[in-house]
Amino acid sequence: MGSVVRFAEDEIERQLVGQKSKGVIRPEAELDWDVPADGDVRGGVPVMGLREYWYPALPVSKVGRKPLYWTMLGDDMVFFRNREGQVVAMTDVCPHRGASLSEGSCFYRGFVTCPYHGATFDGRGECTAFITEGPDSPMVGQLRAKVYPTQVHAGWVFVWMGEGEPAPIEEDLPPELFDPECLPLSSYTYWHTNWVLAIENHSDSHNALFVHRDSIKQLLGLTKGRNRSPVGARGKVVNNRALIALYEGQDYYAKDGKVPHQMYYPGVDGVWPLHRWRLLWQWFFERFAKRARYDRVPEEWKLGHHLPCMVRTGGNNTRYAVAVKHDLSRIVYFYFAWPGNGWRRLLKRLQFKFVQMPLEYNFSNQDNGAASPCRYWTPEYLSATDGQVVRLRKLIAHESRDAQRRKEQALQEPATVMQAASRPRA
């Protein structure tokens, strides 16, 4: 019910403020995976998410007059507004002594002041005053805090988390956000699981029939997922940014062109599903269900995964899993509609808040319940149907912008070493 009442989300955010990085010991979230097997592709999946991408940070409405603490990808950040009223994302760590800027104040419009010694920074991260040293402080113009590039779309602040120059934001955001006729609607919650576990379950052949068997969407016939099959489906990588789900092997158990609802499992001498009443229930509601459309978007934005951490769960749905800590993800939902103007837009907003998102939370929180206890560091014995998961890991570890950046840096390092060795000694 996070779309209506946000008690759980607010409590998590209060806990995050109380747990912000401090002290002399690095937080556990910065540790690498402890993957036991040599060559396991999971070792190339960053614990705190991919960096060289644009991410949804928070609704722009959350940024007011006071500095706001926020954390994503393990970074402690402070959000405030500059003199023009634009949202600024800055490191929460004061470069002077490491104090928390979010514990300070915006005494002057467009500036944030550190609570320890009064170092005051503008929206560019420049120190413009150092109150405890007076107007002639030499720290002015010398001290600088890291600022993250930001853009606002659909009521959300998007932040570039990379070290390199920001990529065109159109490559990382759903194309619907740039459609002037589209009405983007959004919500967010938290899952107590790592970001990659939060997205690996999408297009999982073991998922919809079993994990979501009691979901309202499943019972209403609003979603089906993959049919049971021991045959692994291939995925298609597009532009090194997306892994499109190809629904293959769906007719493995088909009889007369139709996959039976109940199947017999000889190892347990029983059938699944256990009861046939679900079939009647789903048959009734499927008469009214509307299937998702994909004709509005290019190939890389169809059903499947999209970097850095998105799943396209339907013709008008996108779900982000933004790393907060190593065991906590901020789940951001975007729902896209084309209702026209006037009262239809209001009706769609009400439908989203009181119908669409409660159904989605009921459905996807079951993924959280199944994924959060997974031991990602333990050995795996994978099935052919896990091919989509393996391909996603390879896309993240070997083909993402982060992977490309590492390759470029590796190529430059030998040249740098050779240049240093060739310099004449003094």
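The values are calculated or read from the model by the stated rules, or taken from the named source; none is laboratory data. For clarity, every value in this text was computed on a predicted model and none was experimentally measured. Cβ placement follows ideal geometry from the backbone for every residue including glycine, while neighbour counts extend to all protein chains displayed.
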Exercise for the section: Considering every residue within the stretch 127-150, establish whether at least one is within 30 Å of residue 341 (Cα to Cα) and modelled with pLDDT of 95 or more. Expected result: yes
Completion exercise
Scanning the stretch 318-354 for residues that are more than 25 Å from the chain's Cα centre (by Cα) and of a type in the set (Phe, Trp, Tyr) gives 343
Handout entry: residue 280 surrounded by fewer than 19 Cβ atoms within 10 Å (Cβ to Cβ), at pLDDT 85 or above and farther than 28 Å from residue 75 by Cβ
Key = no
Completion exercise
Selection over the stretch 368-426 where residues are of a type in the set (Phe, Trp, Tyr) and either modelled with pLDDT of 85 or more or touching a strand residue (DSSP E or B) at 6+ places or on another chain (Cβ under 7 Å) (or both) yields a count of 1
Practice task
Select from the stretch 198-231 the residues that are buried (at least 21 other Cβ atoms within 10 Å of the Cβ) and under 18 Å from residue 391 (Cα atoms) and write down the one among them that is modelled with the lowest pLDDT.
Solution key: 205
Handout entry: Number of the exception - residue 324 against (1) of a type in the set (A, V, I, L, M); (2) surrounded by fewer than 20 Cβ atoms within 10 Å (Cβ to Cβ); (3) more than 19 Å from residue 395 (Cα to Cα)
Key = (2)
Exercise for the section: For the stretch 130-151, name all the residues that are more than 36 Å from the chain's Cα centre (by Cα) and either of a type in the set (Phe, Trp, Tyr) or buried (at least 20 other Cβ atoms within 10 Å of the Cβ) (or both). Expected result: 130
Practice task
Test residue 347 against the stated conditions and say whether it is in a helix (DSSP H, G or I) and over 19 Å from residue 319 (Cβ atoms).
Solution key: yes
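Residue check: is residue 43 surrounded by fewer than 20 Cβ atoms within 10 Å (Cβ to Cβ), on the phi > 0 side of the Ramachandran plot and either among the hydrophobic types (A, V, I, L, M, F, W, C) or over 15 Å from the mean Cα position of the chain (by Cα) (or both)? Full working, then the answer.
Values: surrounded by fewer than 20 Cβ atoms within 10 Å (Cβ to Cβ): yes; on the phi > 0 side of the Ramachandran plot: no; either among the hydrophobic types (A, V, I, L, M, F, W, C) or over 15 Å from the mean Cα position of the chain (by Cα) (or both): yes.
Answer is no for this residue.
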Exercise for the section: Kindly indicate whether residue 409 is assigned to a helix (DSSP H, G or I) and loosely packed, with under 12 Cβ neighbours inside 10 Å. Expected result: yes
Problem - Residue within the stretch 357-369 that is in contact with a Gly (Cβ under 7 Å, 6 or more places away or on another chain), assigned by TED's automatic domain parsing to the domain that holds residue 186 and within 16 Å of residue 304 (Cα to Cα) present - result: no
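Condition check ((1) in a strand (DSSP E or B); (2) in the same structural domain as residue 243 (by TED's automatic domain parsing); (3) at negative phi) across all residues:
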residue: 110; (1), (2), (3): no, no, no
residue: 142; (1), (2), (3): no, no, yes
residue: 158; (1), (2), (3): yes, no, yes
residue: 162; (1), (2), (3): no, no, yes
residue: 165; (1), (2), (3): no, no, yes
residue: 173; (1), (2), (3): no, no, yes
residue: 185; (1), (2), (3): yes, yes, yes
residue: 198; (1), (2), (3): no, yes, yes
residue: 213; (1), (2), (3): no, yes, yes
Handout entry: residue 95 being under 24 Å from the mean Cα position of the chain (by Cα) and either touching a residue at least 24 places away in the same chain (Cβ under 8 Å) or in the same structural domain as residue 331 (by TED's automatic domain parsing) (or both)
Key = no
Practice task
Considering only residues that are within 24 Å of the chain's Cα centre (by Cα) and part of a loop (DSSP other than H, G, I, E, B), look in the stretch 81-92 and name the one that is surrounded by the fewest Cβ atoms within 10 Å (Cβ to Cβ).
Solution key: 86
